[in-house]
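Okay, so here's the structure we're looking at.
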Amino acid sequence: MPIVNVYEVDRVKARIRDGEGECFGATAFTGDAFKSKITGVGVTIIPPGASIGDHPHGNEEEIYFVMEGRGIAELDGKKQPVKKGDVLYNVPGGTHGLANAGDEDLVIFAFCVAE
């Protein structure tokens, strides 16, 4: 079984889903690593003032675990505060986004599974 340390893989700096500013992504595994319907696993670092833009997911479920920081999640048009320890479930067919609402990095662990 492979072990990947997300703190040791290359970080990619990018604007995510037309969000504000740029975030840093560290992908542990892409979908081709799995025999199941998992499509990706990794960590995203959202600096202060940055966000993952609101976007839909077709047939994928996506889970975010907030590892550090605090933010504002938008789930199907409803804004909700999130903080370290919170788990967000983004349903298939739903829309979601996440903005950093603090003065430190918002760090999330994310994984997606196709239906």
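Considered as a group, the residues in region 1-59 that are of a type in the set (Val, Ile, Thr) and part of a loop (DSSP other than H, G, I, E, B) include one that is farthest from residue 74 (Cα to Cα), and that residue is 3. Per the conditions (1) closer than 17 Å to residue 114 by Cβ; (2) in contact with a helix residue (DSSP H, G or I) (Cβ under 9 Å, 6 or more places away or on another chain), the sole criterion not satisfied by residue 2 is (1). The residues in region 71-115 that are over 24 Å from residue 35 (Cα atoms), touching a residue at least 24 places away in the same chain (Cβ under 8 Å) and in a loop (DSSP other than H, G, I, E, B) can be counted, and the count is 6.
For (1) more than 19 Å from residue 19 (Cα to Cα); (2) surrounded by fewer than 16 Cβ atoms within 10 Å (Cβ to Cβ); (3) not charged (D, E, K, R), each residue gets a yes or a no:
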site	(1), (2), (3)
63	no, yes, yes
71	no, no, yes
74	no, no, no
78	no, yes, no
90	no, no, yes
96	no, no, yes
100	no, no, yes
103	no, yes, no
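Would you please name the residue that is modelled with the highest pLDDT, looking only at residues in region 1-43 that are exposed (fewer than 12 other Cβ atoms within 10 Å of the Cβ) and among the basic types (Lys, Arg)? Among residues in region 1-43 that are exposed (fewer than 12 other Cβ atoms within 10 Å of the Cβ) and among the basic types (Lys, Arg), the one modelled with the highest pLDDT is 13.
This table checks each residue for (1) more than 24 Å from residue 8 (Cα to Cα); (2) more than 12 Å from the chain's Cα centre (by Cα).
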site	(1), (2)
38	no, yes
50	no, yes
59	yes, yes
65	no, no
68	no, yes
97	yes, no
104	no, yes
109	no, no
112	no, no
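The values are calculated or read from the model by the stated rules, or taken from the named source; none is laboratory data. Source: prediction; values computed, not measured. Positions of Cβ are generated from backbone atoms using ideal geometry, with glycine treated the same way; all protein chains shown enter the neighbour counts.
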